[in-house]
2 protein chains.
Amino acid sequence: MRSGQLDQTFAALADPTRRAILARLAGGEAGVMQLAKPFRMSQPGISKHLKVLERAGLIVRGRRAQSRPCRLQARPLKDVAEWTERYRRYWEQSFERLDAYLVRLQRKERNHARKSTK
Amino acid sequence: MRSGQLDQTFAALADPTRRAILARLAGGEAGVMQLAKPFRMSQPGISKHLKVLERAGLIVRGRRAQSRPCRLQARPLKDVAEWTERYRRYWEQSFERLDAYLVRLQRKERNHARKSTK
């Protein structure tokens, strides 16, 4: 996994419109016009986002002159998943700690409630 | 999962030094000086990266005046993992297609080799 590739992938994903374009393309290929519609964005605006996604290898564009339909390429996301997976035990630990803290808090509150009803 | 939070997380991860800092902190908390050393980077340079990671909620910094040790907070990475996971079947499909293509290619080459040795 090359570091530069990961940089590009993460940077491309750091935008809600670009993530929404990927979600749309997961349902099938689409042209710029079709992609621009739901975002209330100009075609040049969408084209800029498509260029970022294309450079990151997250989409490929067809050669058909007018429409140049876009297709999802999910392979770079495999690297993202693998990179992220290394940290799973850390977030699981942090949720376990939170759970333990909440259990202690509930116990304390129950004890407090018992004492005050005595 | 808020979209703005994901934007910040992905943007913070789009840099090799910041990813290396997270990897270092996975081994235990560290101060700015300790973090700066292996990167041959000035302390202000590292501090900038730490600010980005802190804003994204990927690290927390202690209150001890001088060192303000940094600690990994992996929770935002859970959202990254969940977002990415939705695309798993797409990258798995693309690798299956590549496998199928390579099998066809090998078969073709074997047939070609057989014909030329007849």
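Per-structure values
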| quantity | calculated |
| --- | --- |
| Exam field: A:Leu105 pseudo-label spacings to other copies (7 Å along Cα-Cβ), nanometres | 5.6 |
| For the range B:94-109, Karplus couplings with θ = phi - 60° (6.51, -1.76, 1.60), whole Hz, Gly/Pro x | 5, 6, 4, 4, 5, 4, 4, 5, 5, 4, 4, 4, 4, 4, 4, 5 |
| Loss of accessible area when A meets B, both sides summed, Å² nearest 100, probe 1.4 Å | 2800 Å² |
| Relative contact order (%) - chain B, alpha-carbon pairs under 8 angstrom, separation at least six | 25 percent |
| Loop-located trypsin sites (Lys or Arg not before Pro) in the range B:1-82 whose Cβ has at most 11 other Cβ within 10 Å (DSSP) | B:Arg2, B:Arg40, B:Arg63, B:Arg64 |
| The range B:83-93 - phi-based ³J(HN,Hα) in whole Hz, Karplus 6.51/-1.76/1.60, Gly and Pro as x | 4, 5, 4, 4, 9, 3, 5, 6, 6, 5, 4 |
| With every protein chain in place, the protein assembly as shown: carbon and sulfur % of accessible area (1.4 Å) | 50 percent |
| Cut-off under 5 Å, modelled amide H: who pairs with B:Ala30 long-range | B:Cys70 |
| Listed residue (A:Tyr90, A:Gln5, A:Thr117) projecting farthest to the positive dipole end of the protein assembly as shown, Cβ model | A:Thr117 |
| Placed amide H near B:Gln73: partners under 5 Å, 5+ positions off or other chain | B:Ile59, B:Val60 |
| Label geometry 7 Å along the beta-carbon vector: B:Ser94 inter-copy distances in nm | 2.8 |
| Segment B:Ala100-B:Arg64, length gained on full extension (0.36 nm per residue, minus Cα span) | 7.2 nm |
| Contour minus Cα-Cα distance for B:Arg86 and B:Thr17 (0.36 nm per residue) | 22.1 nm |
| Estimated FRET transfer efficiency when R0 is 41 angstrom, pair B:Ser47-A:Ser47 (beta carbons, to 0.05) | 0.65 |
| Chain A: radius of gyration over Cα atoms, expressed as a fraction of 2.2 N^0.38 Å | 1.70 |
| From phi via Karplus (6.51, -1.76, 1.60), per-residue ³J(HN,Hα) for the range B:28-44 in Hz, x at Gly/Pro | x, 5, 8, x, 4, 4, 4, 6, 5, 3, x, 8, 6, 10, 5, 4, x |
| Surface accessible to a 1.4 Å probe, per residue, for the residues of the range B:65-118, Å² | 77 Å² |
| Where only C-alpha atoms are counted, convex hull volume of the protein assembly as shown per residue in Å³ | 229 Å³ |
| Innermost chain B residue relative to the axis carrying B onto A, by Cβ distance in angstrom | B:Phe10, 3 |
| Within chain B, helix-based [θ] at 222 nm, where runs of 4 or more DSSP H residues each add -39,500 (n - 2.57), nearest 500 | -21500 deg cm²/dmol |
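The values are calculated or read from the model by the stated rules, or taken from the named source; none is laboratory data. Here the structure is a predicted model, which means the values were calculated and not measured. All Cβ positions, glycine included, derive from the backbone under ideal geometry; neighbour counts span all protein chains shown. For the accessible areas, the whole protein counts, side chains as well, though only heavy atoms, and no ligand, DNA or RNA atoms are used. Shrake-Rupley method; radii C 1.70, N 1.55, O 1.52, S 1.80 Å.
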